[in-house]
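Heads up: the structure comes next, in structure tokens.
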Amino acid sequence: MKINNKLLGLVTKKFNDFFLVDLKNQENSVISEKFLCKVRKSINFKNQLIYVGDQVVIENIDLKSKRAVITSFKKRKNLLVRPSVANISNIYITFSVEEPALNLSQVNRFLISAESMGVEVSLVLTKCDLISDTRRSSLIDKFEKWGYQAITLNLEKSDYFNNLLVELKQKECSILMGPSGVGKTTLLNMIIPGLQNSTAQVSNKIKRGKNTTRNVELFPLSNQSYIVDTPGFNMQPLEVDIRLLPNLYPEIYKQLIDEEIKCKFRNCLHLNDEGCNLNKSFERYSFYKEMIESSKSHYSQNLED
């Protein structure tokens, strides 16, 4: 049976020239199984590609064979470059506390990369069964000062995971981001029953995990929430205007907004600028300063080239 109505759908997987699309109703809830779709060749998308996470309009819908044709797509809110996925609402930066050991500089870069997307950012710490309760509490306090309520996961305490799952089901489209070997695949296998992605041991030589996930795909957690299964090491290329960098650090923008800190000049970078009134005693200031100076150096080099 074919229907000629135009219906809205969500691209959940892309392979070759085909797309898997979930149909959605006016309340943005899933209303059917996946449809196998191709893009109508006569449609001009202005050289834009369709990505997993895009909302698309489909026609020529065959309910029996579960096939349809994509005729247009909606303007997207955002687009991750690596992996390529659109319309993310929440990013969960995921790091292990041990095996491999926590690298604060790397955590900082992942957080700033995620903040630059303009979405809600959370921090997940895995393998907390490998550290003491005192160490866990210390890390929670540390990241609270960074501006994040760290979610700690312990394989021996299922309630920690259950609380995360309840939270994920309240989000629109979430993604776990972090380096290889920190337990993202194991966590996804717990979140999505039956997924059974393969996991790889952390290399003893380089203390880093191997890439085990290959395709980008959305999996439903409820009628209105999805999580992205992603391949690999997925930190976004960090190309942020240095004037916007203060807005990506909660410790800075909360001072400027909540505490109404006023510097002498509106374009103050909060380094050694004249009339800067920012309290620079927060832990991540050294990371911030390094990123500003690195960006300045890169900008100057581009001018010389």
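Values in this text are rule-based calculations from the coordinates and carry no lab data. Keep in mind that what you see is a predicted model, and the values were worked out from it rather than measured. For neighbour counting, all protein chains shown are included, and Cβ atoms are generated from backbone atoms with ideal geometry for every residue, glycine included.
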Could you list V56, V166 so that the one with the fewest beta carbons within 10 Å of its beta carbon is first and the one with the most is last? V166, V56
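I need the shape label for region 245-304. Rule: rounded when a/c is under 1.5, else prolate if a/b > b/c, else oblate, with a, b, c from the alpha carbon gyration tensor.
Prolate shape, in that a/c is at least 1.5 and a/b is the bigger ratio.
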Packing-based ranking, highest mean first, of 105-111, 16-22, 129-135 given that Cβ atoms within 10 Å are counted: 105-111, 16-22, 129-135
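Quick check: residue separation of K64 and N279 times 0.36 nm, minus the Cα distance between them. What number comes out in nm?
71.0 nm
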At a Cα cut-off below 26 Å, give the lysines reachable from K289, other chains included and same-chain residues fewer than 8 away excluded. K142, K145, K254, K262, K264, K280
For the pair L238 and E156, what calculated FRET efficiency results from E = 1/(1 + (r/R0)^6), where r is the Cβ-Cβ distance and R0 = 45 Å, to the nearest 0.05? 0.80
Run the numbers for K142 and V166: contour at 0.36 nm per residue of separation, minus the present Cα-Cα distance, in nm. 6.2 nm
Please rank C37, C268, fewest neighbouring Cβ atoms within 10 Å first, as an exposure proxy. C268, C37
What is the sum of charges, Lys and Arg at +1 and Asp and Glu at -1, for the other residues whose Cβ falls under 15 Å from the Cβ of A114? +3
Less than 14 Å apart at the alpha-carbon level, and either on another chain or at least 8 residues along: which aspartates and glutamates does that give for K64? E33
Under a Cβ-Cβ cut-off of 14 Å, what is the net charge of the residues other than L238 that fall near it, where Lys and Arg count +1 and Asp and Glu count -1? -2
What does the net charge come to around N163 if you take all other residues with beta carbon closer than 13 Å to its beta carbon, with K and R at +1 and D and E at -1? 0
